Amino acid sequence: MKPFYVTTPIYYVNDKPHIGHAYSTAAADMLARYHRLRGQPTRFLTGLDEHGLKIERRAQELGQEPQAFVDSMVPPFEEAWQQLDITHDDFIRTTSARHKEAVQRLWKMLEAKGDIYLADYEDWYCVGCESFKTEKELLPGNLCPDHKKPVEKIKEQSYFFRLSAYAEPLLRYFDAHPDFVKPEGRFNEVKSFVRAGLRDLSVSRSSFSWGIPVPEQPEHVMYVWLDALTNYISALGGPAEPGVAPLYDQFWGEDANVIHIVGKDILRFHTIYWPAFLMSAGIRLPSQVWAHGWLTVNGEKMSKGLGNFLPPAPLVEAFGADVLRYYFLREVSFGQDGDFNHKNLIARYNNELGNGLGNLLNRILPFLKKFDGKVPDVGPLEGADAALASLAEGLAAQVRDNLDAVQLNRALDAIKELIDAANKYVNDEEPWNLSKSDETLGRLAQVAYVTLECVRFLSVMLAPVMPNKANELRAQLGLGALEPQVGVDAWPSRFGELPAGTAVVAGKPVFPKIDAKQEEALLARLVPVPEGVEGDAEKSSGADKKSAKKAPKGQADSGGAGAPSGADAAEGGVTDGPTTIEFDDFAKVDLRVGLVLTAEKVPKKDRLLRLEVDLGEPAPRQIVAGIAEHFTPEQMVGRRVVVVANLAPRKLAGLVSQGMVLATNTPTGLQLLAASDDVPPGTPAK
Ligand code: ME8
C-alpha cells in the first residue's frame with residue numbers, strides 16, 4: 001500500500017488561529033483519517049512558521065523577544081487542533097533545531113548545484129505577504145495588491161536563487177503531471193505565470209536577523225519562504241541520503257503520495273518556488289498541491305477591522321468539533337471560495353444531521369425490541385432491499401473515489417445521498433405498520449436489517465469528517481469504535497456484513513435538535529457584531545429574511561456580457577414573475593471589483609474577448625467575456641469592472657473562464673458595471 005503524506009500550510013504565529021486555519025487543517029485531517037481507514041501508512045503534518053520580518057515586528061510591537069513571542073503562540077494552535085480533534089502525527093516549528101539544520105542542508109545542496117549567487121538587490125517587498133513585488137504588480141500609491149498596504153523599498157546585498165533557470169523544467173513537469181495542481185483553473189494561472197518567465201529570487205536578507213542564518217554567512221538570514229517550505233521535508237528528517245531518515249525514505253520516497261493542502265493565497269510559493277528548490281536539490285516533487293478557496297464570515301471578509309476573525313474554540317464549544325468540521329467541508333466546494341454562516345450551520349445541522357442521519361437511526365431502533373434488541377437474521381435481499389443495498393455499495397465506492405481525488409464536499413454529497421435514500425426507504429416500508437402484526441414481523445426484520453446496515457456504512461464513511469459522531473452511531477448499533485490498522489482496509493464495500501445477533505444499544509439522540517430559542521441564543525452569542533453596528537447581529541448573520549432581494553424578470557447579465565454567462569442567464573432569468581431570494585443566497589455570490597490588466601480578441605470568435613483581470617489575488621484571473629462586439633481590447637485595459645468571482649469555471653472556445661464580468665444592455669448598447677479608479681481590485685461589491 002502506498003504511503004500517504006498530507007500537510008497543511010505552517011501558519012504564521014503573528015495571529016491566533018481562526019476558522020480559515022481550522023478549515024485547511026480539518027480538510028487535511030479528513031484526508032489523513034480516510035487514508036488510515038484504508039489501511040495505508042499515513043503521516044499528517046502541521047506546524048508553525050515562526051521566522052521573518054512580520055513576526056519580528058509583531059514581537060517588537062508587543063515589546064517581547066522574538067523567541068519568547070513565538071513560544072507563547074504555540075499553545076493557542078496546539079489547543080485549537082486538540083479541540084478540533086486533529087490527528088497530526090507531527091507538529092513542526094521553524095525555530096526548532098531539526099528544522100534549522102535541515103534548511104541549511106538544503107541551502108548547501110542548492111549552492112552545490114550552482115543555483116545560489118550574491119548580488120545587489122533593489123526592489124519592493126510586502127511584509128504582509130513576506131514576498132517581493134515587481135513595480136508592475138503594485139497598485140497606485142505603491143500598495144500591495146493583496147494587503148492593500150504600502151510596500152517597502154529594499155536595497156541590500158542578497159543571495160539569489162536561479163529561479164529563472166527553472167521556468168522551462170517546471171513547464172515540462174507541469175505538462176507531464178496534469179494533476180500536479182488542483183483545481184484545474186488554479187493550475188492554469190500557475191502555468192501562465194511561469195510562461196511569462198521567472199525572475200531570479202532573492203533568498204537572503206541582511207537588514208534583519210530573525211531567520212535561519214545562511215551557512216558560513218551568518219550576517220545573512222534566509223528568505224522566510226525558503227525556510228518555511230522546507231518544513232515539509234525537515235519534519236521527516238530530510239533532506240537526507242537514503243537510509244539516514246526512515247520517515248523521509250518512506251513518506252518522501254518515490255512511491256509516496258504526497259499532498260500539500262494550501263489556501264489559494266500561497267499557491268505560487270508551493271507550485272513554483274518549492275518545486276524549483278526541490279528540482280535544484282535533485283529531490284522528488286510533491287504529488288499534488290491542492291489550493292482551496294477563501295472563507296468569508298457571514299459574507300464578510302475576515303479582518304481585524306471588522307472584528308470577525310472567528311476563533312474555532314467558541315464554535316467547538318457550541319456545536320462540537322464534529323459538527324463544525326462537517327459544516328466546513330460540506331458547505332464549501334473544495335477549491336472554491338465559500339462562506340461560513342452561523343445560521344446556515346444550524347440549518348445544516350438540524351436538517352442533514354438531525355432530521356437526516358440521526359433520525360434514520362431513531363426511526364428504526366425502537367422496533368428492535370421485537371427481536372430482543374438484536375440485529376435480526378435475514379436471508380438474501382430482494383426487491384427494494386437489494387436496490388438499496390446496491391445503491392449503498394455504489395455510493396461507498398463513489399465516496400472512496402472522491403476522497404482519493406480530494407473532492408471532499410463531493411464525498412459528503414454522496415454520503416448525503418445515502419442518508420436520503422435510506423430515509424425514503426423507511427418512509428416507503430413503514431416499519432411502524434409492519435410492527436403491528438405478527439404476520440409482518442419477517443418483513444420488519446428485513447427492513448430493520450437493511451436500515452441498520454445503511455447506518456453502519458454511513459458510520460465508516462463519515463468517520464474521516466465526524467470521528468466522534470461516527471463512533472456514537474456505531475455504539476448504538478452495538479459495534480466497536482473504528483480502529484484503523486495499517487494493511488487493513490476498513491472501507492465498506494459489501495452490504496450485509498452487519499452480524500446478525502449484535503445487540504443494539506439505543507441511546508440519546510446523536511444529533512439533538514437545536515430549537516428556535518436555542519438558535520436565537522447561539523446566534524446572539526456567536527455572531528460577531530461588526531464595529532459600529534452594535535446590536536445588529538441579525539444583519540451580519542445573514543439572518544434577516546426581510547432583506548431578501550427582488551430579482552427583476554430577465555435580470556442577470558442580459559447582454560450575455562460575461563462568459564460563462566449566456567446559458568446561465570437565460571435559464572435563470574426566465575421566470576413568470578418577480579422571484580425573491582434569501583439574503584443567504586445573495587451572500588453566496590462573490591461580487592468583486594476587478595482591474596482589467598490585459599485584453600485580446602479570441603481568434604475566430606467574433607463575440608469573445610480574453611481578459612486577464614486582477615481580483616486582488618496572487619495571480620490575475622482569465623475571464624472570457626462576450627463583449628467583443630461592443631468593446632475593443634484597448635478600451636478594456638485599465639478598466640475597473642464588477643466580476644462574479646465564484647462562478648464555477650467554464651470552458652469557452654477552449655479557454656477556461658474563471659468568472660463573469662457584469663454588464664447591462666441599454667438602448668444605446670452594452671454598458672459595463674464599473675467602479676471608480678480609487679477602488680482597489682478585489683474589493684467586494686455588496
Ligand atoms: O501563509 N479562508 O501562513 P498564514 C480559508 N506561513 N483559508 C484561510 C483563510 C481564509 N479566510 N485564512 C487563512 C502563511 N487560511 C505561511 C504558510 S507554508 C510553507 C507557509 C489558511 O498564517 C489557508 O490555508 O497566513 C492559507 O493558505 C493559510 O491559512 C495562510 O496562513
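Consider Tyr166 carefully, then state whether it is in a strand (DSSP E or B) and not charged (D, E, K, R). Steps first, please.
Numbers: in a strand (DSSP E or B): no; not charged (D, E, K, R): yes.
So Tyr166 fails the test.
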**Request:** Determine, yes or no, whether Arg363 is outside the structural domain of Ala503 (by TED's automatic domain parsing) and over 30 Å from Ala685 (Cβ atoms).
**Result:** no
**Asked** Taking region 287-297, which residues are within 13 Å of the ligand (Cβ to nearest atom), open to solvent by 10 Å² or more (accessible area, probe 1.4 Å) and touching a Lys or Arg at 6+ places or on another chain (Cβ under 9 Å)?
**Response** Trp294
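Give the residues of region 647-682 that are of a type in the set (S, T, N, Q) and crowded, with 19+ Cβ neighbours inside 10 Å, sorted by residue number. So that I can check it myself, show each step before the final result.
Of the residues in region 647-682, the ones of a type in the set (S, T, N, Q) are 657-658, 664-666, 668, 671, 676.
Within region 647-682, Ser657, Gln658 meet the criteria.
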**Asked** If you take the residues in region 623-646 that are open to solvent by less than 40 Å² (accessible area, probe 1.4 Å) and in contact with a Ser or Thr (Cβ under 9 Å, 6 or more places away or on another chain), which one is nearest to Glu137 (Cα to Cα)?
**Response** Arg640
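Looking at region 200-209, which of its residues are among the hydrophobic types (A, V, I, L, M, F, W, C) and either surrounded by fewer than 17 Cβ atoms within 10 Å (Cβ to Cβ) or within 23 Å of Ala97 (Cβ to Cβ) (or both)?
Scanning region 200-209 gives Val203, Phe208.
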**Message:** Just to be sure I understand, how many residues within region 350-387 are buried (at least 18 other Cβ atoms within 10 Å of the Cβ), in a helix (DSSP H, G or I) and out of contact with any Lys or Arg (no Cβ under 9 Å at 6 or more places or on another chain)?
**Reply:** 8
**Message:** Looking at region 307-338 only, could you name the residues that are part of a loop (DSSP other than H, G, I, E, B) and either away from the ligand (no atom under 12 Å from the Cβ) or crowded, with 20+ Cβ neighbours inside 10 Å (or both)?
**Reply:** Gly307, Asn308, Leu310, Pro311, Gly320, Val332, Ser333, Phe334, Gly335
**Fill in**
All conditions in (1) part of a helix (DSSP H, G or I); (2) touching a strand residue (DSSP E or B) at 6+ places or on another chain (Cβ under 8 Å); (3) within 14 Å of the ligand (Cβ to nearest atom) are true of Leu48 except (1)
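From the set of residues in region 1-22 that are outside any helix (DSSP H, G or I) and β-branched (Val, Ile, Thr), which is nearest to the ligand (Cβ to nearest atom)? Spell out how you get there, then give the answer.
Just the residues of region 1-22 that are outside any helix (DSSP H, G or I), to begin with: 1-18.
Of the ones still in play, those that are also β-branched (Val, Ile, Thr) are 6-8, 10, 13.
Details: Val6: 13, Thr7: 8, Thr8: 7, Ile10: 5, Val13: 8 Å.
Top of the filtered list is Ile10.
For every residue, the table says whether it meets (1) over 28 Å from Tyr159 (Cβ atoms); (2) crowded, with 23+ Cβ neighbours inside 10 Å; (3) within 11 Å of the ligand (Cβ to nearest atom); (4) in the same structural domain as Ile346 (by TED's automatic domain parsing).
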residue	(1), (2), (3), (4)
Tyr223	no, yes, no, no
Val244	no, no, no, no
Ile266	no, no, yes, no
Phe269	no, no, yes, no
Ala281	no, no, no, no
Leu285	no, no, no, no
**Prompt:** Within region 16-28, is there a residue that is at positive phi and modelled with pLDDT of 95 or more?
**Reply:** no
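For every residue, the table says whether it meets (1) in contact (Cβ under 8 Å) with a residue 40 or more places away in the chain; (2) open to solvent by 30 Å² or more (accessible area, probe 1.4 Å); (3) hydrophobic (A, V, I, L, M, F, W, C).
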residue: Leu143; (1), (2), (3): yes, yes, yes
residue: Glu156; (1), (2), (3): yes, no, no
residue: Phe161; (1), (2), (3): yes, no, yes
residue: Glu168; (1), (2), (3): no, yes, no
residue: Val190; (1), (2), (3): yes, no, yes
residue: Phe193; (1), (2), (3): yes, yes, yes
residue: Gly211; (1), (2), (3): yes, no, no
**Asked** Which residue pairs have Cβ atoms under 8 Å apart, sit 6 or more places apart or on different chains, and have a first residue in region 301-326 that is under 13 Å from Leu84 (Cβ atoms) and not assigned by TED's automatic domain parsing to the domain that holds Asn468 and a second that is surrounded by 22 or more Cβ atoms within 10 Å (Cβ to Cβ) and among the acidic types (Asp, Glu)?
**Response** Arg325/Asp29
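Each row is one residue, and each column tells you yes or no for (1) assigned to a helix (DSSP H, G or I); (2) over 21 Å from Leu365 (Cα atoms); (3) in contact with a helix residue (DSSP H, G or I) (Cβ under 9 Å, 6 or more places away or on another chain); (4) not assigned by TED's automatic domain parsing to the domain that holds Asn359.
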| site | (1), (2), (3), (4) |
| --- | --- |
| Pro464 | no, yes, yes, no |
| Ala470 | yes, no, yes, no |
| Gln476 | yes, no, yes, no |
| Gly480 | no, no, yes, no |
| Ala490 | no, yes, yes, no |
| Phe495 | no, no, yes, no |
| Ala506 | no, no, yes, no |
| Pro512 | no, no, yes, no |
**Request:** Filter region 251-264 down to the residues that are in contact with a strand residue (DSSP E or B) (Cβ under 8 Å, 6 or more places away or on another chain) and more than 11 Å from the ligand (Cβ to nearest atom), then identify the one that is nearest to Lys108 (Cα to Cα).
**Result:** Trp252
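The values are calculated or read from the model by the stated rules, or taken from the named source; none is laboratory data. Here the structure is a predicted model, which is why all the values come from computation and not from measurement. Methodologically, a virtual Cβ is constructed for each residue, glycine included, from the backbone with ideal geometry; neighbour enumeration extends over all protein chains shown. Only protein heavy atoms, including side chains, enter the accessible area calculation; ligands, DNA and RNA are left aside. Shrake-Rupley method; radii C 1.70, N 1.55, O 1.52, S 1.80 Å.
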